[in-house]
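Asks: There's a structure below that I have some questions on.
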Amino acid sequence: MSDVLRDADEPAILDRPPMNERGPLSPRYLAFVAGMGLSSLGDAAWYVALTWTLTRVSSPAVAGAVLALAGLPMLAALLAGGAVADRYGPRRVMVGTDLARCGAMLAAAGTVAVIGPVVPLLVAVAAVLSLLNAYFVPASGALRPQLLPSRHLVRGNAAYLLGLRGGQAAGGPIGAALVDVGGIALVACVNAVSFVGSAMAVLLSRPLAAATARLAPVAPAQRPPPEARPPFFAQVRAGLRYIARERRLRLLMVVAGLVELSNAGPLNIGVVLFARSAGTAASGTGLLLTAFTAGATVSFLATLILPARRRAAPRLVAGILTQGACLVTLGLAGSLSWGVAAYFITGVSSGFVGITLVSLVQRWSATELRGRVMSIQALVIFASVPLGNLAIGSLIEWFGVAVTMCAHAILSCAAVAIVLATPALRGARLD
């Protein structure tokens with residue numbers, strides 16, 4: 001098993017001849033994407049089952065509190081998760097995390113069968129899965145640049161996100177159907193199977209030494225023996241110091257945070273408020289979210305077919321400004337049709353921006369620190385969601401929808417100003 005889990009910076013893989021012909025549509029990478037999509041499907045099905053069960057065995061207020069607090073363990077452990085990915089290798093961490101999540105799901109299914117779906121049990125399971133996600137997310141971001149040559153990284157990220165979004169879209173209705181048939185225990189078993197599929201997909205992946213060397217400022221070296229490694233928390237601090245020292249990475253994090261902060265509220269709380277102001281109920285909210293998802297899917301497909309080449313700044317600037325214009329439109333428009341169009345275009349532009357930002361972060365990160373860099377980016381993005389939700393609710397109550405959406409658009413303009421004012425970002429390349 002140790003041979004199967006050996007990572008890209010270990011000698012057996014370094015000795016493997018480069019396979020630069022491997023692209024994002026190769027069978028091996030598509031199998032990896034399919035595994036990640038299957039895991040995403042299982043997660044989405046579990047989330048639906050968890051929400052349905054909580055509302056049945058408790059109150060909507062309790063269900064909302066549990067779901068809101070479920071993300072806290074992930075936020076608290078993300079920095080540690082990135083350090084673990086760099087310390088032990090992203091493939092090993094992803095496989096171990098998938099197997100742990102599978103075990104948690106099987107244990108949850110067995111416990112529910114014995115004592116029923118009690119709230120403390122569901123809270124504990126949600127917290128465990130959130131904690132394990134903190135290790136999986138940065139490891140996944142660190143592994144993808146090792147699976148493809150540099151010129152295919154952008155398309156590879158697009159395929160990966162397309163697989164995740166497809167899994168999420170399919171998981172919702174599947175979870176709803178399964179919970180009607182066998183309750184949350186059945187959904188937990190299905191999710192456990194999805195984690196096994198994800199682990200197998202990671203095991204089948206084969207990192208490319210050539211891709212790793214081209215993407216990293218520092219060529220990969222053999223991982224030191226355990227006794228020669230620095231203390232764990234020293235590695236966490238080293239990742240933070242690295243971001244603080246690397247100006248272009250630090251500014252990319254700021255841009256990502258501003259973009260996410262400007263869109264998180266409108267895509268969560270704002271979508272409900274806009275549907276209500278347009279005179280529609282839950283159906284209008286669903287239509288707006290579907291429009292956003294469809295737009296993001298279009299951007300992933302477009303990038304997969306016609307990836308961005310050379311300079312990244314025009315793509316970033318155009319995408320972020322488009323998002324800002326859509327926010328202003330949402331603030332001024334009063335009809336559902338305008339809202340659907342704005343959310344669709346927001347989905348398209350956010351997809352292009354997201355792929356560009358993550359590809360640049362991956363390309364500019366040293367291989368031995370990439371897990372920690374990805375964990376910092378994930379922390380910035382995930383922390384922006386509750387902050388954005390909190391801010392938009394207060395701003396709308398104080399100033400109204402129009403002023404609030406314009407204020408969020410100003411955040412987009414600030415992100416564009418950083419890109420244009422920084423030579424390293426202005427001249428960033430994706431090839």
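The values are calculated or read from the model by the stated rules, or taken from the named source; none is laboratory data. Everything numeric in this text was worked out from a predicted model, so none of it was measured. A quick note on method: Cβ atoms are made from the backbone with ideal geometry, for glycine too, and the neighbour counts reach across all protein chains shown.
Asks: Just to be sure before I move on: is ALA63 free of Cβ contacts under 8 Å to residues at least 60 places away in the same chain and either out of contact with any Gly (no Cβ under 7 Å at 6 or more places or on another chain) or within 29 Å of GLY182 (Cβ to Cβ) (or both) in the structure I sent?
Replies: In short, yes.
Asks: Hey, another quick one. Would you pick out the residues in region 319-338 that are modelled with pLDDT under 85, in a helix (DSSP H, G or I) and crowded, with 18+ Cβ neighbours inside 10 Å?
Replies: LEU330, GLY331, LEU336, listed by residue number.
Asks: Inspect all residues belonging to region 284-298 and state whether any of them is modelled with pLDDT of 90 or more, under 18 Å from GLN362 (Cα atoms) and not β-branched (Val, Ile, Thr).
Replies: No, because not a single residue in region 284-298 is modelled with pLDDT of 90 or more, under 18 Å from GLN362 (Cα atoms) and not β-branched (Val, Ile, Thr).
Asks: Ok, one more. Could you say which residue among VAL348, VAL361 is crowded, with 18+ Cβ neighbours inside 10 Å, without any contact (Cβ under 8 Å) to a residue 60 or more places away in the chain, part of a helix (DSSP H, G or I) and of a type outside the set (Gly, Ala, Ser)?
Replies: Details: VAL361 fails: without any contact (Cβ under 8 Å) to a residue 60 or more places away in the chain.
Going through VAL348, VAL361 in turn, just one is crowded, with 18+ Cβ neighbours inside 10 Å, without any contact (Cβ under 8 Å) to a residue 60 or more places away in the chain, part of a helix (DSSP H, G or I) and of a type outside the set (Gly, Ala, Ser): VAL348.
Asks: For region 364-375, what are the residues that are surrounded by fewer than 23 Cβ atoms within 10 Å (Cβ to Cβ) and either of a type in the set (A, V, I, L, M) or within 15 Å of the chain's Cα centre (by Cα) (or both)?
Replies: ALA366
Asks: Further question on the same structure: Counting just the residues of region 303-317 that are part of a helix (DSSP H, G or I) and either of a type in the set (S, T, N, Q) or in contact with a helix residue (DSSP H, G or I) (Cβ under 8 Å, 6 or more places away or on another chain) (or both), which one comes out surrounded by the most Cβ atoms within 10 Å (Cβ to Cβ)?
Replies: Filtering region 303-317 down to residues part of a helix (DSSP H, G or I) leaves 303-305, 313-317.
When the remaining residues are screened for being either of a type in the set (S, T, N, Q) or in contact with a helix residue (DSSP H, G or I) (Cβ under 8 Å, 6 or more places away or on another chain) (or both), the result is 303-304, 313, 315-317.
Details: THR303: 24, LEU304: 19, ALA313: 17, ARG315: 21, LEU316: 27, VAL317: 18.
Going through the qualifying residues, I end up with LEU316.
Asks: Surrounded by 21 or more Cβ atoms within 10 Å (Cβ to Cβ) and either in contact with a Cys (Cβ under 7 Å, 6 or more places away or on another chain) or over 20 Å from VAL48 (Cα atoms) (or both), is that true of GLY96?
Replies: So GLY96 fails the test.
Asks: Can you say whether ALA12 is within 21 Å of the chain's Cα centre (by Cα), surrounded by fewer than 16 Cβ atoms within 10 Å (Cβ to Cβ), modelled with pLDDT under 90 and aliphatic (A, V, I, L, M), as far as the supplied structure shows? Reasoning before the result, please.
Replies: Details: within 21 Å of the chain's Cα centre (by Cα): no; surrounded by fewer than 16 Cβ atoms within 10 Å (Cβ to Cβ): yes; modelled with pLDDT under 90: yes; aliphatic (A, V, I, L, M): yes.
In short, no.
Asks: Another question about this same structure. Any idea which of ALA407, ALA424 is farther than 29 Å from VAL84 by Cβ and either in contact (Cβ under 8 Å) with a residue 40 or more places away in the chain or among the polar types (S, T, N, Q) (or both)? Explain how you work it out, then say what you get.
Replies: On the way: ALA407 fails: either in contact (Cβ under 8 Å) with a residue 40 or more places away in the chain or among the polar types (S, T, N, Q) (or both).
Going through ALA407, ALA424 in turn, just one is farther than 29 Å from VAL84 by Cβ and either in contact (Cβ under 8 Å) with a residue 40 or more places away in the chain or among the polar types (S, T, N, Q) (or both): ALA424.
Asks: Given (1) surrounded by fewer than 18 Cβ atoms within 10 Å (Cβ to Cβ); (2) charged (D, E, K, R); (3) touching an Asp or Glu at 6+ places or on another chain (Cβ under 8 Å), identify the lone condition not met by ARG426.
Replies: Here ARG426 clears every test but (3).
Asks: If you check VAL154, VAL179, which single one turns out to be farther than 16 Å from TYR47 by Cβ and part of a helix (DSSP H, G or I)? Can you show your working first?
Replies: Values: VAL179 fails: farther than 16 Å from TYR47 by Cβ.
Result of the check over VAL154, VAL179: VAL154.
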